[in-house]
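Below: the structure, in structure tokens.
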Amino acid sequence: MIFCTNLQYHELGIDVNETWGFEAENDHFPPSVDLSQVAFHATEDMATSQDCLICQTLVGGLRMHNDETNASIALCRLCPDEELARDIESCQGSWTGKLLLLFCAAYPQGSSGKSHTPEPYLLEVELSYSSGLRGFEDIKMWDRRLVNTMNIKKQLLHCQEHHEMCKKSVFPKLLPSGFRVIDVSTRSIAEPQTQEGHVDFVALSYQWATATADEDRNIMLLRDDTERLQAPGSLSVDRLPEVIQDAVQFCQDIGYRYLWVDRLCIYQDKDDQDGSKQAQIDGMGAIYWLAVLTLVACADGVGVGLPGVSGRPRLNNLKNQGWQFLRTTDYNISSEDFIYFQEPSDIEFIDTSSWSTRGWTFQERMISRRLLFFGHSHALLNCFYYNECEESFDKPRVLFEGEDIYGSSFGADVRMLNKEKDTERDPLMLYERVVLSYTSRSLTWASDILKAFSGVNEFFVENLQTKSLFGLPAKYLFHSLLWIRAGTPTSEGIPEGIPSWSWATRFGCASYGLWSYDELGNLVRFWYSDNGTVEEVVEATCWFDESNVTVRDDLSLDVERKRFQENTQRCGTEHELSDPGVWETCPHDPLEAIGRRQVAEEFRALAVNIPGCLVFNTTEAFLRVRLNETATSEIPGFPSSIYEESAAARAYERPQPKVLDIVDDDGIRIGHTLAEVFPRDHKLSLTDGQYLRCHVVVLGASNMRQPTYAPRITYNDNVLNQGVAWGLFVMLVDRNGYLSSRLGIGFVHPLLWARAKPEWKTVFLI
């Protein structure tokens with residue numbers, strides 16, 4: 001390739017598998033890069049080379065960002081994009097391509113405070129050639145200041161016309177009553193004009209804390225201001241936060257009249273006597289799903305808005321802002337391997353942003369059917385079938401008949417759910433992953449924990465065909481009670497009115513571990529107090545039930561006992577029940593438990609006045625717990641990357657979970673708690689040598705494999721919990737009068753439960 005006759009072209013020996021100087025925001029080359037043989041040229045000499053456009057472009061690009069005139073430049077590498085790399089050898093005639101020009105600059109020691117150590121730089125350029133690779137014609141800066149709105153409009157239209165899964169209904173509800181928008185044509189708040197109940201609008205997802213640094217722009221919708229903000233021109237440019245101003249401009253650029261932004265479309269008054277504010281919050285799932293497009297402000301910084309929108313062009317920068325470099329031998333020049341560039345991945349581009357650490361933005365990302373992410377230097381468009389940076393916006397995703405595609409959307413699971421058990425996209429398994437991801441984020445106010453989850457919660461209520469009990473699906477209540485805290489709280493305070501048995505009682509990473517509901521057996525029947533009534537919670541499964549998961553509340557006791565015996569025999573055959581039979585010697589005999597489901601009327605009367613209380617009959621013992629220092633503190637099924645990525649963005653260290661022994665009055669270990677992170681003020685936050693006495697109540701049974709950290713449990717000199725074993729899931733509770741609150745979840749072997757001398761009791765769990 002004919003490039004520059006004045007500069008010697010140096011291809012540095014760089015291993016792309018390690019961090020090197022031209023990767024995003026690096027200021028120096030790694031030690032492995034040898035610059036001793038690189039020829040540097042003074043910028044003054046290059047600037048006078050009137051016959052070389054390359055030299056002039058390099059010097060001009062450097063001086064655009066640094067007025068140092070004594071620098072020296074060395075050309076390091078020319079990187080094409082993947083498409084050009086594939087076709088570069090076959091280029092004939094005239095062609096133009098986008099490339100990254102990698103060079104380094106050295107400054108005299110001491111001048112302008114600069115070190116003499118060469119610094120890596122990058123220029124985004126367009127090259128024009130004639131006669132294939134021989135006839136260099138022109139070079140100019142690649143103008144990436146603005147997002148190409150024409151290509152975005154083309155992609156949106158293509159998606160609306162051809163992408164069936166992007167049109168699939170997820171929420172049966174319509175937009176909430178009193179739905180408001182910003183009318184960008186009149187710059188005012190309005191109730192949109194609809195056609196047969198339908199309206200096209202764009203939504204905005206952003207962070208309140210970084211919307212603006214100007215108090216004069218900190219506008220929001222208050223009841224007393226409604227009439228004033230409905231007047232044309234009331235939302236002037238100088239009044240709106242930068243991110244909302246940019247969103248208004250972008251809607252105008254792509255031809256949409258209505259924009260929905262929470263702070264200007266939902267009343268922000270603390271007083272919500274008529275419930276209209278809560279109605280809008282509850283409808284946020286439908287709002288984000290029904291939006292034609294959700295604009296996402298994921299460029300970090302206060303008041304940075306939506307870079308690339310007209311009126312806010314991106315700033316040119318000689319540092320790499322996210323391009324990825326890949327070495328390949330598949331496409332070659334002169335049979336040598338070389339490096340090409342491609343757009344940043346969504347993981348590097350989006351997941352590292354502070355926007356991805358916020359609790360409120362979780363449902364906006366998961367539910368929206370189309371998202372356009374704005375970073376500092378790149379934009380990424382996402383739908384079910386398409387997930388590309390702006391350089392590919394002019395290439396619509398063509399679907400072929402019979403093509404097996406599950407989509408690239410962040411919310412792909414939402415659209416692909418089926419209600420069959422044991423499938424990768426099972427609703428309950430998705431629920432567990434969603435809770436883990438959501439609670440790994442952070443909230444400013446603990447009181448928002450269920451509000452920010454409302455849209456996602458609505459989705460699960462619909463797809464699991466159940467109601468929600470403080471974020472837990474009632475249909476799988478026993479299963480969903482088995483959460484463990486896997487991270488430290490990430491919001492201030494403890495939310496009021498949320499019972500201790502819900503993961504929403506504190507906002508910190510909550511995990512459900514490895515078990516599935518085929519490995520769990522119900523041993524109690526819960527009754528739930530709400531709105532002055534106490535109703536039975538009928539769950540989908542009874543006892544390791546592999547039959548259809550449809551809720552059944554019409555089975556007689558005889559039928560349920562028969563089903564228990566059949567399932568026990570099946571599981572016993574698979575997992576070799578101990579002799580004597582496990583359940584014949586267990587004080588919490590499942591056959592007896594079936595007959596103890598009915599809670600006495602006098603106890604239900606007590607629970608009526610305790611909203612959110614779970615009442616149930618179970619066996620209970622008063623036992624001791626102590627710290628087990630030999631157990632490996634690993635949380636089963638906990639993908640640490642989810643917590644570590646979000647924690648890194650908030651400068652948190654991953655906490656160490658604790659495992660506690662459950663021991664009887666003789667000091668014999670009969671079980672253990674699941675590995676969990678306990679806050680410092682928690683009663684189970686024990687140190688070595690400390691004991692705590694607490695009540696332990698049975699919730700259900702398991703035939704799951706014990707986690708690797710589980711301490712050995714012995715019975716008659718036999719180890720009981722190696723490999724797959726029967727067990728009791730128990731809850732450790734704190735007792736205040738007749739009311740209990742959750743402390744933790746544990747596991748006790750049925751053969752050893754008798755050592756605890758448990759008794760049948762009625763538990764009031766708050």
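The values are calculated or read from the model by the stated rules, or taken from the named source; none is laboratory data. The shown structure was predicted, so the numbers you read here are calculated from the model rather than taken from an experiment. As a convention, Cβ positions derive from the backbone with ideal geometry for all residues, glycine included, and neighbour counts pool all protein chains shown. Ligands, DNA and RNA are excluded from the accessible area calculation, which covers all protein heavy atoms including side chains. Shrake-Rupley method; radii C 1.70, N 1.55, O 1.52, S 1.80 Å.
Annotations for the structure displayed:
- Long pairs among Lys277/Lys475; Lys475/Lys761; Lys467/Lys757; Lys98/Lys319, criterion Cα-Cα beyond 27 Å: Lys277/Lys475; Lys467/Lys757
- Taking packing as the residue-averaged number of other Cβ atoms within 10 angstrom, the listed peptides 434-441, 218-225, 504-511 run from highest to lowest as 504-511, 434-441, 218-225.
- Cα gyration tensor, the stretch 230-353 - rounded (a/c under 1.5), prolate or oblate: prolate
- Where labels lie 7 Å past Cα in the beta-carbon direction, separation of Ala42 and Glu82 in nm: 4.5 nm
- Rolling a 1.4 angstrom probe over the protein heavy atoms with all chains in place gives the stretch 211-288 an accessible area of 43 Å² per residue.
- Between Gln195 and Ser128, the contour length at 0.36 nm per residue exceeds the alpha carbon distance by 19.2 nm.
- Qualifying GluC sites (Glu not before Pro) in the stretch 150-238, DSSP loop, other Cβ atoms within 10 Å at most 16: Glu164, Glu196
- Taking a ≥ b ≥ c as the square roots of the eigenvalues of the Cα gyration tensor, an a/c ratio of 1.5 or more together with a/b no larger than b/c marks the stretch 99-256 as oblate.
- Extending 7 Å from Cα along the Cβ direction at Ser236 and again at Lys683 yields two label points whose distance is 6.0 nm.
- Ranked packing of 451-461, 682-692, most packed first, by mean Cβ within 10 Å: 451-461, 682-692
- Extending 7 Å from the Cα toward the beta-carbon at both Thr585 and Lys98 defines two label points whose distance is 7.2 nm.
- Across the stretch 750-766, the residues whose backbone nitrogen lies under 19 Å from the label position 7 Å along the beta-carbon direction of Tyr691 are 753-758.
- Burial order of peptide ranges 135-147, 290-302 (average beta-carbon count within 10 Å, highest first): 290-302, 135-147
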